[in-house]
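**Student:** Sharing a structure, written as structure tokens. Questions coming.
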């Protein structure tokens, strides 16, 4: 149980000032805000329940994550763990947990993300230009809190450019949203010889085969 309790407390570490212990950290994070305290206590109760059902290997894998959020997401993504510990409390909770875990996996496959300022510096343009490209579906971005984050996989960082052909593919997924687009781009497909669409895009550019595959995925074409 301590392992999962540690994971939750670790996610608040940036808001804490060098706590002497995790218990001190908890008090520091909640003492001035009853709403935060209520949320953390309720979350810890749930995590304690999850820890009681989780396989030790799952906990070990979770603690290998580089962040507390990643560790928690790995545990929640495990179907057996979430269904055994949460389904009787909230039938929808396991589905939500698996979705959160899947998103973490997608971001890992994307190589992480960059901020708007970092992308502007990489491409040598203003932040306003980056926002304009995002709104035009010329850049892939996902909302994280109040900020937009840009998956690194879409950039050729050595050249300071966007992977050629990407904007046209993103336009295909405009109605579905960025997470669906990322899932498509980073999932290996037998049609592509078990390459991901992003790997094929980087190697060959936007081919008719790749564009057709994207449209079929969206229901806009025929296999």
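**Student:** Among the residues of the stretch 51-73 satisfying the criterion of being at pLDDT below 75 and surrounded by 14 or more Cβ atoms within 10 Å (Cβ to Cβ), which is farthest from residue 104 (Cα to Cα)?
**Tutor:** 69
**Student:** Now a separate question. Which condition from (1) within 13 Å of the chain's Cα centre (by Cα); (2) surrounded by fewer than 15 Cβ atoms within 10 Å (Cβ to Cβ); (3) farther than 18 Å from residue 201 by Cβ is the one that residue 111 breaks?
**Tutor:** Failing condition for residue 111: (3).
**Student:** I need a count of the residues in the stretch 155-203 that are under 18 Å from residue 105 (Cβ atoms) and in a loop (DSSP other than H, G, I, E, B).
**Tutor:** Going through the stretch 155-203 one residue at a time, the tally reaches 6.
**Student:** Could you grab me the full set of residues in the stretch 114-124 that are surrounded by 14 or more Cβ atoms within 10 Å (Cβ to Cβ) and more than 21 Å from the chain's Cα centre (by Cα)? Break it down into steps so the answer makes sense when it comes.
**Tutor:** Our first condition is that a residue be surrounded by 14 or more Cβ atoms within 10 Å (Cβ to Cβ); within the stretch 114-124, this holds for 114-116, 118-123.
Residues satisfying the conditions are 120, 121, 122, 123.
**Student:** State all residues of the stretch 184-210 that are surrounded by fewer than 17 Cβ atoms within 10 Å (Cβ to Cβ) and touching a residue at least 40 places away in the same chain (Cβ under 8 Å); if no residue qualifies, say none.
**Tutor:** Scanning the stretch 184-210 gives a single hit, 205.
**Student:** Is at least one residue of the stretch 34-43 surrounded by 13 or more Cβ atoms within 10 Å (Cβ to Cβ), in contact with a helix residue (DSSP H, G or I) (Cβ under 9 Å, 6 or more places away or on another chain) and either at pLDDT below 75 or under 30 Å from residue 157 (Cα atoms) (or both)?
**Tutor:** From the stretch 34-43, those surrounded by 13 or more Cβ atoms within 10 Å (Cβ to Cβ) are 36-37, 40, 43; that's our starting set.
If we keep only those that are in contact with a helix residue (DSSP H, G or I) (Cβ under 9 Å, 6 or more places away or on another chain) too, we end up with 36-37, 40, 43.
From the residues that got through so far, the ones that are either at pLDDT below 75 or under 30 Å from residue 157 (Cα atoms) (or both) too are none.
Looking for residues that are surrounded by 13 or more Cβ atoms within 10 Å (Cβ to Cβ), in contact with a helix residue (DSSP H, G or I) (Cβ under 9 Å, 6 or more places away or on another chain) and either at pLDDT below 75 or under 30 Å from residue 157 (Cα atoms) (or both), one finds none in the stretch 34-43, hence no.
**Student:** A further question on this structure: Does the stretch 55-71 hold any residues that are farther than 21 Å from residue 144 by Cα and outside any helix (DSSP H, G or I), and which are they?
**Tutor:** Within the stretch 55-71, 55, 64 meet the criteria.
**Student:** Also, I was wondering about something else. Do we have any residue at all in the stretch 141-153 that's surrounded by fewer than 16 Cβ atoms within 10 Å (Cβ to Cβ), closer than 19 Å to residue 115 by Cα, assigned by TED's automatic domain parsing to the domain that holds residue 118 and touching a strand residue (DSSP E or B) at 6+ places or on another chain (Cβ under 9 Å)? Don't jump to the end; show me each part of the working.
**Tutor:** Step one: filter the stretch 141-153 for residues surrounded by fewer than 16 Cβ atoms within 10 Å (Cβ to Cβ), giving 143-147.
Now drop any that are not closer than 19 Å to residue 115 by Cα, which leaves 143-147.
Those left that are additionally assigned by TED's automatic domain parsing to the domain that holds residue 118: 143-147.
Now narrow it down to the ones that are touching a strand residue (DSSP E or B) at 6+ places or on another chain (Cβ under 9 Å): 143-144.
Within the stretch 141-153 (the criterion being surrounded by fewer than 16 Cβ atoms within 10 Å (Cβ to Cβ), closer than 19 Å to residue 115 by Cα, assigned by TED's automatic domain parsing to the domain that holds residue 118 and touching a strand residue (DSSP E or B) at 6+ places or on another chain (Cβ under 9 Å)), the answer is yes, since at least one residue qualifies.
**Student:** Could you check how many residues of the stretch 119-132 are part of a helix (DSSP H, G or I) and without any contact (Cβ under 8 Å) to a residue 24 or more places away in the chain? Spell out the reasoning first.
**Tutor:** Residues of the stretch 119-132 that are part of a helix (DSSP H, G or I), as a first pass: 119-123, 127-132.
Then keep just the ones that are without any contact (Cβ under 8 Å) to a residue 24 or more places away in the chain; that gives 120-121, 127-132.
Here the count works out to 8.
The values are calculated or read from the model by the stated rules, or taken from the named source; none is laboratory data. Since this is a predicted model, take the numbers as computed values, not measurements. With ideal geometry, Cβ positions are generated from the backbone for all residues, glycine too; neighbour counts draw on all protein chains shown.
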